[in-house]
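Participant: Dumping the structure here so I can ask a few things about it.
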Amino acid sequence: MSGPVILRARGPYSLAQTCLFASDATRRLRDGVLTAVVPGEAGAEMVRARQRPDGALEILSPSEAALERLRFVLAVDDDHSEFVRRFRNDPVLGRAIAHLRGKRVLRTPTVAGALLRALCGQLIESKLARQLERSIVRATSPRHGELWEPPTSASLSRLAPAKLRAAGLHARRGATLVRLCGSLDLERLRDVPVERAAERLRRERGLGRWSVGVIALTGLGSYRYGLAGDLGLLKLFAAVHGRWPDEGEDEQLLAPYGEWQGLASVYLLAGFSRGLIPLVRAAA
């Protein structure tokens, strides 16, 4: 493709908010420009995106296939205007929506990458989880300039569970990663209804409600499944109720948002970290 492609997202959209903490082994955000490696027509290809002052996205892509994958990664076509309209006066999410209304979920180019993120993210410390994910991608994926190609089932299957353990991934999580990459066509999960895909994932050992939420949000592109069990949501529940939640009790925070529980999770976590979520103690 010659020259930049100009895209306009459907509904409110902020590249800066969507790509906050975007940098990993396969992409980086620098000076407002996202540079990423995605699957394209000639294998892995490098793409770039920036948002102009008028709100339009300026994309540099070598092929239509890479452009389409970047559209998915950036959630350009997944309008969340209904979410903003329905919950802008919500007593919990209202202020967060007012400040972050253009924020969407930055996705992984592959479902295999989302699975890896979910398993690494089961670590308590998010910084360590991202370092672990980065090291595994660098150990299994080919380098592409200053970045690495997105992980695939084939690339992640190259490391035995013992080597994944040596890299820092718990043996049980490493076994789950290798097993699923070898037994399940992960990328085809995008082609089936998300409810069916989530049910299939829930049957797997090593994948709980939080992991399924991560894969649904970042790998399948669905806003339906929340990040139940996320440490940030547990802390938010404790701040509101004055006690740590019992197993599954944090789902009360997400239930009011119905089919938008995944996106609500993102806004709750981002809003909580910015002091935008009111912490009025619930009645005992």
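Participant: With every protein chain present, what is the per residue accessible area of region 202-284 (1.4 Å probe, Å²)? Mind dumping the intermediate values first?
Facilitator: Working: 3670 Å² over 83 residues.
Per-residue accessible area for region 202-284 comes out at 44 Å².
Participant: Percent of accessible area on the chain owned by carbon and sulfur, 1.4 Å probe?
Facilitator: 51
Participant: What per residue convex hull volume, in Å³, do the alpha-carbon atoms of region 230-277 yield?
Facilitator: 68
Participant: I need the calculated FRET efficiency for the pair His99 and Ala166, taking r as the beta carbon distance and R₀ as 35 Å, to the nearest 0.05. Display every interim value, and only then the final one.
Facilitator: Details: r = 43 Å, r/R0 = 1.22.
About 0.25, to the nearest 0.05.
Participant: While we're looking at this one, here's another question. Calculate the spin-label point distance for Asn89 paired with Glu64, positioning each point 7 Å from the Cα along the beta-carbon direction, and give it in nanometres.
Facilitator: 4.6
Participant: While we're looking at this one, here's another question. Expressed in whole Å with the largest first, what are the equivalent ellipsoid semi-axes of region 151-211 derived from the C-alpha gyration tensor as the square root of 5 times each eigenvalue?
Facilitator: Working from the Cα gyration tensor, I get semi-axes of 22, 14, 8 Å.
Participant: In addition: Ratio of alpha-carbon Rg to the 2.2 N^0.38 Å globular estimate for region 1-160, to two decimals, please.
Facilitator: 1.10
Participant: Going by Cα centres, region 132-210 and region 36-71 are how many Å apart?
Facilitator: 24
Participant: Tell me which trypsin sites (Lys or Arg not before Pro) from region 10-118 have a DSSP coil assignment and no more than 15 other beta carbons within 10 Å of their own.
Facilitator: On the way: sites: Arg10, Arg27, Arg28, Arg30, Arg48, Arg50, Arg69, Arg71, Arg85, Arg86, Arg88, Arg95, Arg101, Lys103, Arg104, Arg107, Arg117; in loops: Arg10, Arg88, Arg101, Lys103, Arg104, Arg107.
Listed in order of number, the matching sites are Arg10, Arg88.
Participant: Show me 35-43, 209-217, 179-187 ranked by packing, highest mean number of other Cβ atoms within 10 Å first.
Facilitator: Highest mean packing first, the order is 209-217, 35-43, 179-187.
Participant: One quarter of the convex hull surface, Cα atoms only: what value does that give for the chain in nm²?
Facilitator: 14.9
Participant: With the Cα gyration tensor of region 81-214 in hand, give its eigenvalues times 5 under a square root as the equivalent ellipsoid semi-axes, listed largest first in whole angstrom.
Facilitator: Its equivalent ellipsoid spans semi-axes of 30, 18, 15 Å.
Participant: Less than 27 Å apart at the alpha-carbon level, and either on another chain or at least 8 residues along: which lysines does that give for Lys163?
Facilitator: Answer for Lys163, where 27 Å is the Cα cut-off: Lys127, listed by chain and number.
Participant: Taking region 129-284 as the region of interest, what is the percent of Cα-Cα pairs per 10 angstrom bin, listed from the shortest bin to the one with the maximum distance?
Facilitator: Per 10 Å bin, starting at 0, the Cα pair percentages come out as 10, 32, 32, 20, 5, 0.
Participant: Run the quick spin-label model on Asp246 and Ile6: label points 7 Å from Cα toward the beta carbon, then report their separation in nm to one decimal.
Facilitator: The answer from the label model is 5.8 nm.
The values are calculated or read from the model by the stated rules, or taken from the named source; none is laboratory data. The structure presented is a predicted model; accordingly, all values stated were derived computationally and were not measured. A quick note on method: Cβ atoms are made from the backbone with ideal geometry, for glycine too, and the neighbour counts reach across all protein chains shown. Side chains are part of the model used for accessible areas, which takes the heavy atoms of the whole protein and leaves out ligands, DNA and RNA. Shrake-Rupley method; radii C 1.70, N 1.55, O 1.52, S 1.80 Å.
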